[in-house]
Amino acid sequence: YPSHKKDQINTNMENLVTKFSKVTGLPYKQILRRNREVKPSHELKTFEERKDNLKSSIDILENVAGKNIIVLDNTTTTGISLIDITNLLIEKGAKNVAGICLGLGYKGKDNDWSDLNKTLKYSKIISVCKGPYVPKEVYEEWKKKH
């Protein structure tokens with residue numbers, strides 16, 4: 001998944017995905033491009049603001065019809081980026097889309113995942129699996145060591 005800045009990707013994530021591709025034999029292609037800068041979701045307060053912020057901000061660079069796609073994102077606060085791109089890829093004909101996020105933000109918007117999938121009926125995502133919450137203090141301590 002691209003950075004929130006136009007035409008940029010997270011190089012650390014690209015390195016990780018490249019290594020993952022070599023180990024698993026799954027091909028890696030960067031098929032998503034941010035066509036304009038967007039605000040990070042954690043800076044926005046409401047679902048509507050986050051949804052409008054992302055609207056039409058991603059270009060899909062290849063035909064995805066009938067393909068199985070894994071979208072990898074480094075972190076999420078609200079889940080809306082993965083949900084938005086999953087919906088777009090499915091609309092463009094992708095057969096299956098798996099969204100994987102490596103970290104869950106601690107900004108208190110964790111409930112968006114449930115809201116987006118159930119209450120608001122926004123997402124075409126079938127299920128969400130979430131790992132344990134990592135408290136900010138634990139994360140800060142980890143950062144000091146790495």
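The values are calculated or read from the model by the stated rules, or taken from the named source; none is laboratory data. This structure is a prediction, so every number in the text was calculated from the model and none was measured. Here the Cβ positions follow ideal geometry from the backbone for every residue, glycine too, while neighbour counts run over all protein chains shown. When the accessible area is computed, the model is the full protein with side chains, heavy atoms only, and any ligands, DNA or RNA have been set aside. Shrake-Rupley method; radii C 1.70, N 1.55, O 1.52, S 1.80 Å.
On the full set of protein chains, 1.4 Å probe, figure out the accessible area of Asp52 and give it in Å² to the nearest 10.
90
Report, by chain and number, residues whose modeled amide H sits under 5 Å from the one on Ile70, excluding near sequence neighbours (fewer than 5 apart, same chain).
Residues meeting the criterion, in which the H sits 1.01 Å from N, are Ala98.
Taking amide H positions as placed in the peptide plane 1.01 Å from N, state which residues far from Asn10 in sequence (5 or more) or on other chains have amide H under 5 Å from it.
Ser3
Amide H of Ile58 versus every other amide H placed in the peptide plane: which residues, excluding those fewer than 5 positions away on the same chain, fall under 5 Å?
For Ile58, whose amide H was placed from the backbone, the distant partners under 5 Å are Asn35.
First measure r as the distance between the Cβ atoms of Ser56 and Gln30, then evaluate 1/(1 + (r/R0)^6) with R0 = 22 Å and state the FRET efficiency to the nearest 0.05.
0.70
Subtracting the Cα-Cα distance from 0.36 nm times the residue separation, let me have the gained length for Glu48 to Glu137 in nm, one decimal.
29.0 nm
Karplus couplings for region 16-25 from phi (6.51 cos²θ - 1.76 cosθ + 1.60, θ = phi - 60°), rounded to Hz, Gly and Pro as x?
These are the phi-based 3J(HN,Hα) values: 4, 5, 4, 5, 4, 4, 5, 5, 8, x Hz.
Please give the direction-averaged projected area of the C-alpha convex hull for region 1-58, in square nanometres with one decimal.
Orientation-averaged projected area of the Cα hull: 4.5 nm².
Using a simple spin-label model with points 7 Å from Cα along the Cα→Cβ vector, what separation in nm is obtained for Leu16 and Ser3?
Rounded to a tenth, the inter-label distance reads 1.6 nm.
Which entries in Lys6/Lys45; Lys45/Lys92; Lys6/Lys92; Lys6/Lys51 show an alpha-carbon gap greater than 25 Å?
Pairs exceeding the cut-off: Lys45/Lys92.
Per 0.36 nm of contour for each residue apart, how much would the distance between Asn74 and Lys144 grow if the chain were fully extended, relative to their Cα-Cα spacing?
23.3 nm
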